[in-house]
Amino acid sequence: MVDAITARRHTSNWLEQFVVGLNLCPFARPVLGSEQLQITVCEDKSPRQLQRAFLLQLDELQSTAEQDLATALLVFTGALEDFSDYLDFLDDCQQLLEGAGLEGLVQLASFHPDYQFEGEDARGASRYSNRSPYPVIHLIREDMLARVLRDFPQPEQIPLTNIATLDNLGVEELEIRWQALLD
C-alpha cells in the first residue's frame with residue numbers, strides 16, 4: 001500500500017497532466033492547486049471505515065462554505081482495487097448521499113485505475129477519461145456545477161470531445177504519460 005503523501009502527489013499529478021492538461025474537465029483548472037480543492041486519502045480497508053470516510057468527507061463539504069471548499073476528492077489506497085467492488089461501494093455511497101438528504105446538492109463522480117465504460121474495449125483510449133491512479137470518489141457541489149455549465153457552450157459535447165482527444169493521442173502515448181505521472 002502506498003503512503004498518503006505519495007497518493008496525494010500521484011493524484012495531483014493526474015489532475016494536472018490528465019484532467020486539466022488534456023482538458024478532460026474544462027472546469028477543474030480554477031481550483032487546481034487551490035485551497036478550494038481538497039484531496040483526502042483514506043488508507044482504511046474495512047467497508048465500515050470506508051463508509052465513515054465518505055460520510056465525513058460529505059459532511060465536511062456540505063458544512064463548509066464554497067469559497068473555502070469548492071470540491072473534494074476522496075482517494076482510497078487500502079481498498080477497492082477491484083473495479084466491481086468499487087462500483088458496488090459507489091452505489092452504497094450514492095444511497096448514503098440520498099439518505100442524508102443531499103441528493104441534488106452533491107453529485108458523485110467516479111474514477112478508478114481500471115475504469116471501463118460498459119460496452120467499451122478494455123484497452124481503449126476512452127477509459128483514460130475516468131482512469132485515476134487510485135480509486136477516487138469526487139464530491140461536487142451541484143449548484144457550483146450548474147453555474148459553470150450554464151456558461152459553457154454545449155456541455156453535452158464534453159464526453160465526445162474527451163474521447164476524440166484521447167483517441168487522437170492513442171493508447172500507447174497515454175500509457176507513456178500514465179507511467180510518467182506515477183514515477
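The values are calculated or read from the model by the stated rules, or taken from the named source; none is laboratory data. Everything numeric here is computed off the predicted structure, so don't read it as measured data. Cβ coordinates were reconstructed from backbone atoms using ideal geometry, including for glycine residues, and neighbour counts include every protein chain displayed. Quick note on the areas: whole protein, heavy atoms, side chains included, nothing else; ligands and nucleic acids left out. Shrake-Rupley method; radii C 1.70, N 1.55, O 1.52, S 1.80 Å.
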task = Could you tell me whether the stretch 57-73 includes any residue that is within 30 Å of residue 163 (Cβ to Cβ) and among the small types (Gly, Ala, Ser)?
result = yes
task = Return the pairs, sorted by first residue and then second, in which the second residue is of a type outside the set (A, V, I, L, M) and open to solvent by 80 Å² or more (accessible area, probe 1.4 Å), the first residue lies in the stretch 150-165 and is more than 19 Å from residue 21 (Cβ to Cβ) and in a loop (DSSP other than H, G, I, E, B), the beta carbons are less than 8 Å apart, and the residues are 6+ apart or on different chains.
result = none
task = Could you run through the stretch 101-139 and say how many residues are among the β-branched types (Val, Ile, Thr) and closer than 15 Å to residue 75 by Cβ?
result = 2
ask   = Looking at the stretch 162-182, is at least one residue surrounded by fewer than 14 Cβ atoms within 10 Å (Cβ to Cβ) and closer than 17 Å to residue 26 by Cα?
value = yes
ask   = Does residue 145 satisfy the criteria of being closer than 28 Å to residue 59 by Cα and open to solvent by less than 70 Å² (accessible area, probe 1.4 Å)?
value = yes
task = Inspect the stretch 92-101 for any residue being touching a residue at least 24 places away in the same chain (Cβ under 8 Å), surrounded by 19 or more Cβ atoms within 10 Å (Cβ to Cβ) and not small (Gly, Ala, Ser) and give the result as yes or no.
result = yes
task = Could you check residue 140 against (1) open to solvent by less than 30 Å² (accessible area, probe 1.4 Å); (2) in contact with a helix residue (DSSP H, G or I) (Cβ under 8 Å, 6 or more places away or on another chain); (3) of a type outside the set (Gly, Ala, Ser) and say which number it fails?
result = (2)
task = Output the qualifying pairs, or none if there are none: Cβ atoms under 7 angstrom, residues six or more apart or on different chains, first residue in the stretch 46-59 and more than 15 Å from residue 98 (Cα to Cα), second residue assigned to a helix (DSSP H, G or I).
result = 50/89
request  = Determine whether the stretch 122-137 contains at least one residue that is open to solvent by less than 30 Å² (accessible area, probe 1.4 Å), outside any helix (DSSP H, G or I) and closer than 24 Å to residue 63 by Cα.
outcome  = yes
